Amino acid sequence: MEEIKITHLKPNSQRIETWIALIKDEVVGHIYMEKEPGDRIKFLDAWVHEDHRRKGIFRLLWETRWNHVSENYKGYLIYAWCKENSLPLLLEKGFNSGEICTYVEKLI
């Protein structure tokens, strides 16, 4: 299996932190979080390149971000909107499930 390197990109003037997954200097995935006022952190989207899915990259990115907030943001409320296939991981980490949302669209 190819070596996966995770790099943390800290914000300068924005509140969004990023972790990227690299294989041989190619970005194959990313995950974000946004620090909000009132000691809240919103977990934002994650993405893994379709050629590199099912290799544990999403889990590695997620765990890296989780370890970061667990070590650095004690007392913060962490929340996220997630897709159905990501829900088991959040429940595994002790998140409580809220209302279910469904994406809809219509071309006019």
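Among the listed pairs Lys42/Lys83; Lys10/Lys83; Lys10/Lys74, which are separated by more than 21 Å between their Cα atoms?
Details: Lys42/Lys83 15 Å; Lys10/Lys83 26 Å; Lys10/Lys74 18 Å.
In this structure, Lys10/Lys83 lie more than 21 Å apart at Cα.
Sorted from fewest to most neighbouring beta carbons within 10 Å, what does the list Leu91, Leu61 look like? Numbers along the way, then the final one.
Working: Leu91 12, Leu61 24.
If I rank by nearby Cβ atoms, fewest first, I get Leu91, Leu61.
Give me D for the chain in µm² s⁻¹, whole number, from Stokes-Einstein with Rh from the Kirkwood sum over alpha-carbon pairs, 37 °C and 0.692 mPa s. List each step's numbers first, then the result.
Numbers: Rh = 15.2 Å.
The diffusion coefficient I find is 216 µm²/s.
Any chance you could get the radius of gyration and Dmax over the Cα atoms of region 1-57, in Å?
Radius of gyration, then largest Cα-Cα span, for region 1-57: 13.0, 42 Å.
Which of the chymotrypsin sites (Phe, Trp or Tyr not before Pro) found in region 4-76 are loop residues per DSSP with 16 or fewer other Cβ atoms within 10 Å of their Cβ? Intermediate results must be reported in sequence, preceding the final value.
Details: sites: Trp19, Tyr32, Phe43, Trp47, Phe58, Trp62, Trp66, Tyr73, Tyr76; in loops: Tyr73, Tyr76.
Loop-located and lightly packed - Tyr73, Tyr76.
Can you tell which of Lys42, Lys55, Lys24 shows the greatest fluctuation in a Gaussian network model of the chain with Cα springs below 10 Å?
Answer for the Gaussian network model of the chain: Lys24.
Given the Cα-Cα distance of Asp51 and Tyr73 and 0.36 nm per residue of separation, how much length would full extension add, in nm? Spell out each step's value before the answer.
Working: separation 22, 0.36 × 22 = 7.92 nm, distance 3.36 nm.
Computed gain between Asp51 and Tyr73 is 4.6 nm.
Per-residue HN-Hα couplings for region 93-100, Karplus 6.51 cos²θ - 1.76 cosθ + 1.60 at θ = phi - 60°, whole Hz, x for Gly and Pro?
7, x, 5, 9, 7, x, 5, 8
Throughout, read-outs are computed from the coordinates displayed, never taken from laboratory work. No experiment lies behind these values; they were computed from the predicted model shown. In this analysis, Cβ positions are derived from the backbone assuming ideal geometry, glycine residues included, and neighbour counts consider all displayed protein chains.
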